[in-house]
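What follows is a single structure, written as structure tokens, with notes after it.
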Amino acid sequence: MALTTGQPTINNREFSHIDQEGAPNEVAYKAFQRKVLSMQLEDIKDHKDTIRGLTEQFKKNWNKGLGAESFVEDTFMRSQLRDAIFVGHVNTDLDSIAGAVGAAELYRGQAARAEESLNGEVLFALKWIGMEPPPCFDSLPNAKTGRVCLVDHNEVDQMTPILKKDEKRMKRIVGLIDHHAVAANFTSSTPLFMDTRPWGSMAAIVFHTYLRNRVPIRKEIAQLLLCAILSDTLNLKSGTTTPADRFCVALLSSFGEVEDIDDLAMRLFTAKTDWIVGLGAYEMCRGDQKNFEVNGVRLSIAVLEVTASAPIMAVAEDIMIQLRVFKYEKGDYLNEDTQEKCHETNKESHCALLFIVDTVKQQSVALICGAREQWLVETAFPEGKWSAAAPGVKSPSAFITAEQTLCDVGSLVSRKLDFVPKCTEALKSVPLPEWYMQTSKEMERLGKVLATNQGALTNSGQKFEWDRNALRSAVWTEESCNGADKAGEAKPAKCGWGCSFLTGGKREREVMNEL
Ligand SMILES: [Mn+2]
């Protein structure tokens, strides 16, 4: 049937949010629409009336019941994921928890968390809201059989252990709600519910579905999703932030009745910083850590988002040691047949970087634990400014100096947008130095200490403990192998295996590796 004159056409629709001049309770939608493209937290209060107006409109429609479009959504879409378990990634963050809780309520399923431990930011948010954390995935009776909707991740490596081990996992993964790139190995044999959007947080995707489906959102859920967007977008300041995230923060603060959003964000970030500092070096290197393989180079990038970097730098040497242990540990594996612990040098990480992101100043530094890391950061971030990680810090490698242990990479803050692309580009486009892929004597030495000294690193149930002196001696053999010489001074330094070498030069590193 052809459209008759007078019926609305695509270009001639009446929007409920049209600016009506002179109308009572006039709401300035247009100005808000323009602002939302670049809105910051401090702008939100200038548009409070508009935001409240929009919120009230949504609430009015909820009270009216379902319209035709939400009938369709409710009948055909929300029912798709009914009773599924919604679960986020390991190294769980606020977006993964909030996304699982918010989506489970929306789609009428069961929320779960990927692992037992929760970071300080998640704990703070839940306590502030007065909400219990969702149960652990493993503890659910249908953990091994239930239908699953992944939220906030799709890489196998980041899945909760039961799913990671389940080779038939794709038979029960029925949905994905995510804002990450879809991994090459994420394939399904049957059609899948997928809602992936290039937005700054997964929580924004969930909230927008509430709006579209006219599903009433509880104040607590609104608060939780708000916290998640603030966390993932670093207060709407990270480069991953999109207008959708800004819009969702504005409306969620209204639905969640949050007056001072900036204060909430600061409290979230401070809680996370305090928690990270309390963890110690071992966890700092392994917490928010992701692995990549580029051009045969096994690269690990960890990120610490903090409101102040000084407490992290105070333990810089411990972190360097732990980064090196972490690289070695990547070569550890369990022989499935004999149940024996094995180690393969070819599985060790070539390069482990730790970026410390200052969420207040919006800038980052990379902590460097060895020559491969130094080469990569120097190549990937040519503008970087080099210095010692802390006053009097010792270089953890004979091939770099103390003044090469920290690189200020400026206003880059995102692993996804900045760190990974720049490192990948460097590894792909610049020929690797000859020594880059060779086995390292320094790693061998560390491996020997880890293998022979039982107390060097122990896992006592929940907590990992490590013997600082044992590991220090593995990294700094005689504590004389010091890289404390200034870069370029090229002083001979006595090294662990009794040879005198010039530090800092690339040729020297090559000679060292040829031994
Ligand atoms: Mn996320």
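The values are calculated or read from the model by the stated rules, or taken from the named source; none is laboratory data. These numbers were taken from a predicted model, which means no experiment stands behind them. No Cβ is skipped: glycine too gets one built from the backbone with ideal geometry, and neighbour counts run over all protein chains shown.
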Original post:
Is it fair to say A250 is surrounded by 24 or more Cβ atoms within 10 Å (Cβ to Cβ), more than 20 Å from V156 (Cα to Cα), assigned by TED's automatic domain parsing to the domain that holds V72 and more than 14 Å from the ligand (Cβ to nearest atom)?
Top reply: yes
**OP:** Six or more apart or on different chains, Cβ under 6 Å: which pairs go from a residue in the range 165-186 that's assigned by TED's automatic domain parsing to the domain that holds A111 and among the aliphatic types (A, V, I, L, M) to one that's buried (at least 16 other Cβ atoms within 10 Å of the Cβ) and part of a loop (DSSP other than H, G, I, E, B)? Could you list them?
**Re:** V174/A84; V174/R147; L176/N154; V182/N154; A183/N154; A183/E155
Original post:
Considering D49, D95, which residue is within 16 Å of the ligand (Cβ to nearest atom) and either closer than 26 Å to T233 by Cα or of a type in the set (D, E, K, R) (or both)?
Top reply: D95
Subject >> Identity of the residue in the range 105-120, within 16 Å of the ligand (Cβ to nearest atom), modelled with pLDDT of 95 or more and within 18 Å of C227 (Cα to Cα), that ends up surrounded by the fewest Cβ atoms within 10 Å (Cβ to Cβ) >> reply: A111
Original post:
Within the range 306-322, is there a residue that is in contact (Cβ under 8 Å) with a residue 40 or more places away in the chain, of a type in the set (G, A, S) and assigned to a strand (DSSP E or B)?
Top reply: no
Original post:
Restricted to the range 339-359, and to residues that are under 22 Å from V325 (Cα atoms) and among the hydrophobic types (A, V, I, L, M, F, W, C), which residue is surrounded by the fewest Cβ atoms within 10 Å (Cβ to Cβ)?
Top reply: C342
**OP:** Working only within the range 164-188, note down all residues that are within 16 Å of the ligand (Cβ to nearest atom) and of a type in the set (V, I, T).
**Re:** I177, V182
Original post:
For residues in the range 151-163 being surrounded by fewer than 18 Cβ atoms within 10 Å (Cβ to Cβ) and either in a loop (DSSP other than H, G, I, E, B) or touching a residue at least 40 places away in the same chain (Cβ under 8 Å) (or both), which is farthest from the ligand (Cβ to nearest atom)?
Top reply: P161
Original post:
In the range 189-203, which residues are among the aliphatic types (A, V, I, L, M) and either within 12 Å of the ligand (Cβ to nearest atom) or under 16 Å from A100 (Cα atoms) (or both)?
Top reply: M194, M202, A203
**OP:** Evaluate the range 226-242: report whether one residue or more is more than 16 Å from the ligand (Cβ to nearest atom), surrounded by fewer than 23 Cβ atoms within 10 Å (Cβ to Cβ), assigned by TED's automatic domain parsing to the domain that holds C149 and over 30 Å from Q322 (Cβ atoms).
**Re:** no
Original post:
Tell me, which helices (runs of 4 or more DSSP H) wholly within the range 55-150 include 3 or more residues that are under 28 Å from the mean Cα position of the chain (by Cα)?
Top reply: 94-107, 120-129
Original post:
Restricting attention to the range 218-247, which residues are over 20 Å from the mean Cα position of the chain (by Cα) and touching a residue at least 40 places away in the same chain (Cβ under 8 Å)?
Top reply: R218, E220, I221, Q223, P243, F247
